[in-house]
1. Along the charge dipole of the chain, Cβ charges K/R +1 and D/E -1, which of TRP34, GLY309, LEU9 sits furthest on the positive end?
2. Pairs of Cα atoms under 8 Å, at least six residues apart: use those to get the relative contact order of segment 202-292, whole percent.
3. Setting aside same-chain residues fewer than 8 positions from LYS223, which lysines have a Cα under 16 Å from its Cα?
4. Once fully extended, how much extra length lies between ARG140 and ARG30, figured as 0.36 nm per residue of separation less the alpha-carbon to alpha-carbon distance?
5. For the chain, what proportion of DSSP beta bridges, expressed in % and rounded to the nearest 5, is antiparallel?
6. Is segment 2-59 rounded, prolate or oblate when judged by the Cα gyration tensor, a ≥ b ≥ c being the square roots of its eigenvalues, rounded requiring a/c under 1.5 and prolate requiring a/b larger than b/c?
7. Once the piece of chain linking LYS279 and LEU257 is laid out straight, how much longer is it, given 0.36 nm per residue of separation minus the C-alpha distance between them?
8. Run the dipole for segment 261-301 about the Cα centre, Lys and Arg Cβ at +1, Asp and Glu Cβ at -1, nothing else charged, and hand back the magnitude in debye, nearest 20.
Amino acid sequence: MKREILKALKDQKEGFVSGQEMSERLGVTRAAVWKHIKQLQEEGYEIEAISRKGYRLLKDPDHLDGDALELDRSSSVFGKKVYYFESVDSTNTMAKKLAAEGAVEGTVVIAEEQKAGKGRLGRSWESAKGAGIWLSIILRPAIKPLDAAKITQIAAAAVGTAIQKNTGYAIQIKWPNDILMDKKKICGILTEMSAELERINFIVVGIGVNVSQKEGDFPNELKHAASIESCTGKTVSRRSLVIEILKEFEELYFDFLHTGSIEKSIHICRKYSVTLGSKVKVIDKEKEIIAEAVDITEDGELLIRDESGGLKKIISGEVSVRGLYGYTPS
């Protein structure tokens, strides 16, 4: 019911919707309409009520309400169904559970807070309440498991583009999965997969964006982290940014499925790369390699040149890539 009333208010844009009209449309009493209007106001929606005119939506709150995201999205598939939580252990964990139960492609899990957010290679992810975007998207691509790493490059290109469009501030992409501003990490991407030998059951892409944290909000061990607000000095609408991320990701993802190529995504990752042309330390389970990051291949692999001059392709799921003199290559 609340969703239908919110939709009626949004559909009317700047005009009024009468309580009588909504009660007749929804088959409920005017008192029931008023009850849900009050609930929306308590959630932060600024709604004007004038006798004999009705109700008018003046302003949305900047929280990530699932109903509002489903109504406001500009993507066709991504975000058609949104599961919203005030608090959750991990949106990726919840998304994997929902995917195993049959949730459709494009389903989004989003939370105001994560209690046990996850990063790559078993790292934790700080997810302060109301200060960022913590979301996961369920995908069911008809691709081979070996091609799943390409999804991370698509996500990085999409999220980086969305942040830059939404803020007007330059971003950098640290291969394979970090988005930076001023060479400080504002976003990380975690791609997880359920698959058989030749078939993917589902992929979950987790996206964490630091939006409004202040410089002193990050612990000492996260000295290379920052937020959009701390870098730009501007307040950013989280909902608008989520909508832009879903739109950009959907466009690049379905382009890949239709063409079989991630050329568009790789072009973006190369353009904004803070990794290419720099000396990096490639760390895997057995050894460390000092090398120069030369290129990103059409398959999303990092092409490096080691100290002997040999070229080698690195798959994102295998290693950690670090700069020699700090978090980013420099």
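1. TRP34
2. It comes to 14 percent, rounded to a whole number.
3. List returned: LYS183, LYS184, LYS185, LYS214.
4. 35.3 nm
5. 90
6. rounded
7. Net length gain for the segment: 4.6 nm.
8. 240
Values quoted throughout were computed directly from the atomic coordinates according to the rules given, and no laboratory measurement underlies them. What you are looking at is a predicted structure, and each value in this text was computed from that prediction instead of being measured. Ideal geometry is used to build each Cβ from the backbone, glycine not excepted, and the neighbour counts take in all protein chains shown.
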